[in-house]
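Below is one structure; the comments refer to it alone.
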Amino acid sequence: MLRVTNDRTHRTEAFEPQTPPRVSMYVCGPTVYDYAHLGHGKSYVSWDVVHRYLEFRGYDVTLAQNFTDVDDKIINRANEQGVNWQDLAERFIREFFVDMDALNIRRADVYPKATEHIPEMIAHIEGLIAKGHAYAVDGDVYFAVTTFEPYGCLSGRNLEQMQAGARVEVDERKRNPMDFALWKSAKPGEPSWESPWGPGRPGWHIECSAMVRKHLGDTIDLHTGGLDLTFPHHENEIAQSEALTGHTFARYWMHNGFVTMNAEKMSKSLGNFSTLRDLLKVYDAQDVRFFLLLGHYSQEVDFSDEGLRAAGTGLGRLRKSLARFKDKLAPETEATRALAARIEESFIEGMDDDFNAPKGIAALFEGAKALGELAGADAEAAGHVAAKVYALGEVLGLDLVTLPAENRDLSDLAEPIAAMALEFGVAGDGPEAQLEALIARRASAKAAKEWAVADGIRNRLKDLGVQLMDRPGGETAWERSEAVGAGR
């Protein structure tokens, strides 16, 4: 049974959507004024896995993800660059898709934009005023937090605690310092729309409530976003939505942990963010995705070059362990059918534990290990088991078919390989031919039980950063190791 840690109830619960197999899911999207960074990557990779796994488990998911395309940050950045704010927002929406596509993130069913839903926001605010949950003053409209008794249910704090821990600007027009803006009166030089309270633009929080209600309904099954959105954004979404409709806004709330750099949250304001665009110029996108999945979605991930390289190495090994079986298909046997079922059961058991991707990945490696053991007995039938591992990898958005690019250039090792060839009495035209001759000499030494010679060749090559891999049937392959810079 799929269980989910629900941040609204602060418990791990069985996942029970309103009208199974249908699931309505909303992902808080970006404010589009710059390129996405790795923190965005973690968030959207996390929710992409949730989306994929729900569908794998038989649910029919309708996914909406918004774009905040009008905001102080967008306006300020456009002014800095001397461009139109709408053009800036549209540009970074396009750039967002470039990065998300590279990370193999499936598209949502709908991408609502804030600027396309102004009438719905105005109607929502009017309804809150009519019910006594909001009030207008000098062209601004505020939500009155004291009128919504459950306020603080998501963050687990009461109003006094919130006020003590928040930096709230003193505004004597507010009935309570924690009251938040639903509508902001127009300022010179800023975009505005007509409203019953005069020209202005919506507050940040009302955007999501209005877009969720229009595209997914009064109550949705699953609402996700970054941990930093818990308060005030998601807390305020709950208040302004449930105060209007009287219905539970979202049955389950999930938040992903931060990506940190030197133990600090990665963010644009801190200046410690690395854009996905820059990272993907250096690292393979699948390696980045794999790196982000190695921790549970709710946990913090600390960014490092070493961590990304290690993730790439691990993914490469998994791919290579499967590669020799992908073209060897034969009628499945009872044994291979049972093994494939066990691998899938292990995968489901892990993922059913609150979408635990690291456990899902562990099941893939277990499957690859089982394949290696099966290969000696029935290499052709093993192809069916490999197909199961490939399919489970796709649930995590991992391409296990494409092998990593290999560095076959030995020019920098020409002298030491030539010296080894001379020492072990073999010849060849160039370092690669000499390496193949050394591999052949090692094979003959093993056949003659000259273990010192065989081990000497392997160990000397390993010291140079050349790894030998013995395959079933007597074949020996080689690859450059990370120690000598395999081109990552």
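The values are calculated or read from the model by the stated rules, or taken from the named source; none is laboratory data. Fair warning: this is a prediction, and the values are worked out from it, not measured in the lab. Every residue, glycine as well, gets a Cβ built from its backbone with ideal geometry; the counts of neighbours run over all protein chains shown. Protein only, heavy atoms only, side chains kept; ligands, DNA and RNA dropped before computing areas. Shrake-Rupley method; radii C 1.70, N 1.55, O 1.52, S 1.80 Å.
Give me the accessible area of residue 479, 1.4 Å probe, in Å² rounded to the nearest 10. Probe radius 1.4 Å; accessible area of residue 479 about 40 Å². Between residue 137 and 142, the built amide H atoms are under 5 Å apart, and every one of these is 5 or more places off in sequence or on another chain. Net length available on complete extension from residue 149 to residue 467 is 108.0 nm, with 0.36 nm assigned per residue and the Cα-Cα distance removed. In the assembled protein chains, residue 70 presents an accessible area of approximately 10 Å² (probe radius 1.4 Å). Treating the angle as unsigned and between 0 and 90°, give the value, to the nearest 10°, between the Cα long axis of helix 305-323 and the longest Cα principal axis of the chain. Helix 305-323 and the main axis of the chain meet at about 60 degrees. Relative to the longest principal axis of the C-alpha atoms of the chain, give the angle of the C-alpha long axis of helix 235-245, reported between 0 and 90° and rounded to the nearest 10°. Once rounded, one gets 50 degrees. Structural size metrics of the chain, computed from C-alpha coordinates, are Rg and Dmax of 28.2, 94 Å. Mind checking the angle between helix 72-81 and the chain's longest principal axis? C-alpha axes, 0 to 90 degrees, to the nearest 10. Once rounded, the angle reads 70 degrees.
Expressed in Å, the radius of gyration and Dmax of the Cα atoms of region 271-321 are 11.4, 40. Relative to the Cα centre, the charge distribution of the chain, modelled as +1 at Lys and Arg Cβ and -1 at Asp and Glu Cβ, gives a dipole magnitude of about 560 debye.
Placing one equal scatterer on every Cα of region 53-129 and applying the Debye formula, the log10 ratio I(q)/I(0) at q = 0.14, 0.23 Å⁻¹ is -0.66, -1.09.
Whole-Hz Karplus values for region 421-427 come out as 4, 5, 4, 9, x, 10, 9 Hz, taken residue by residue from phi with 6.51 cos²θ - 1.76 cosθ + 1.60 and θ = phi - 60°; glycine and proline positions read x.
Take the alpha carbon gyration tensor of region 34-78, find the square roots of its eigenvalues, order them as a ≥ b ≥ c, and report rounded if a/c is under 1.5; if not, report prolate when a/b exceeds b/c, else oblate.
oblate
Please list 278, 221 in order of solvent-accessible area, largest first, computed with a 1.4 Å probe with all protein chains present. Don't jump to the answer; show the numbers that get you there.
Numbers: 278 80, 221 5 Å².
Largest accessible area first, the residues go 278, 221.
For region 1-133, divide the Cα radius of gyration by the Kirkwood radius and give the resulting Rg/Rh value with two decimals. My calculation of the ratio gives 1.03.
Cross-link partners of residue 73 among lysines, defined as those whose alpha carbon lies under 25 angstrom from its own and excluding same-chain residues fewer than eight positions apart: 42, 113, 174, 184, 187, 265, 268. Computed with a 1.4 Å probe over protein heavy atoms only, the accessible area of residue 157 comes to about 80 Å². The eigenvalues of the Cα gyration tensor, multiplied by 5 and square-rooted, give region 118-250 an equivalent ellipsoid with semi-axes of 22, 19, 14 Å from largest to smallest.
Taking every alpha-carbon pair in region 61-179 and binning the separations at 5 Å intervals from zero gives 2, 9, 12, 14, 15, 17, 15, 12, 5, 1 percent.
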